[in-house]
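Nothing in this text is a laboratory measurement; each read-out follows from the coordinates by a stated rule. All figures in this text were calculated on a predicted structure; none of them were measured in a lab. Cβ atoms come from the backbone with ideal geometry, glycine included; neighbour counts cover every protein chain shown.
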Ligand SMILES: [Zn+2]
């Protein structure tokens, strides 16, 4: 069990050297059940809050008129309330949180995921539609520990009255160096036990805001947590197949500290720290190459959200293999890809690591895993 941290305000180092902002027009990841304020409404499955309000106000006016004529305003209004407005409006920031929230709540909420699969939360620059999503949300599920500084800043702006859940901050953080300071490492989902704590926190907030749906949220959470517990055991089993002296990890950015700590790997080094805003120095690259040669790791890894050019060069200079399978670090994969859910990304990463480091991969079959 992980210790539960007391609520900590997010640390917000200055946002410098942003990579390319998201291309406009912005098209967020949404589930089929999602009601996205970013897309134009196509009732009844799509919903723009502003359009929705206009429709509601228009309807109220009509209802009032009818009531003056018939004297039954209350009944008319209650009977005709648009169904979409009854669903809890939830906004999630990272694709990992969007996936877990969707698993928990299914069709019971109107969920909008802001980041798209493959997008890098560290450097994401919000677009106007994100403000609108935040302003009309009743619950915002964000990672915290400064994973998504642009969105955290926007969320804390005036006009956002939603309940806010810093989902990753329910876990006591490991610390990372950032500009000479020790700051919380935001990549807590790397250890599945932490993902379970996140799921429990999201479930509790959903229940608090929509108590009538408690049975659904509770059942879905129980099923998801049961699978996550098996995933946790399975990853441990997979790691145990890697020769002990090869259980060492080199990645582009430092997103795998929790994974390494949770599953017995040693981090040899990374090109850049926790935030992808940083650029590695020539000395960092040279030292990493030397460290890789010294430790004798057979392979190193690129990541799906990071340009692989430099890590490729490091692999060539160190004379090691670059794993053909990139690791999913800060985002799940796009729909249809090998890592298009939190569970699948963890399976894909584990497979890539096991195969590249000389272990024996066995597919994840939850029914075959016996809980401890
Ligand atoms: Zn990261």
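Packing, taken as the mean count of other beta carbons within 10 Å per residue, orders the peptides 183-195, 119-131, 310-322 from highest to lowest as 183-195, 119-131, 310-322. Computed from the Cβ-Cβ distance with R0 of 22 Å, the FRET efficiency linking residue 279 to residue 321 stands at 0.35.
A Förster distance of 25 Å, applied to the separation of the beta-carbon atoms of residue 261 and residue 179, puts the FRET efficiency at 0.65.
Stretching residue 161 away from residue 219 to a fully extended chain increases their span by 18.0 nm, per 0.36 nm per residue minus the current alpha-carbon distance.
Note on 102, 116: ascending count of other Cβ atoms within 10 Å places them as 116, 102, the fewest first. In terms of the mean number of neighbouring beta-carbon atoms within 10 Å, the peptides 329-335, 357-363 order highest first as 329-335, 357-363. Taken along the Cα-to-beta-carbon direction at a fixed 7 Å, the label points for residue 138 and residue 309 span 4.8 nm.
When each of the peptides 282-292, 257-267 is scored by how many other beta carbons lie within 10 Å of its residues on average, the order from highest to lowest is 257-267, 282-292.
Using a simple spin-label model with pseudo-atoms 7 Å out from Cα toward Cβ, residue 125 and residue 244 lie 5.1 nm apart.
By the Cα gyration tensor, region 225-372 has an equivalent ellipsoid whose semi-axes, rounded to whole angstrom, run 26, 17, 13 from largest to smallest.
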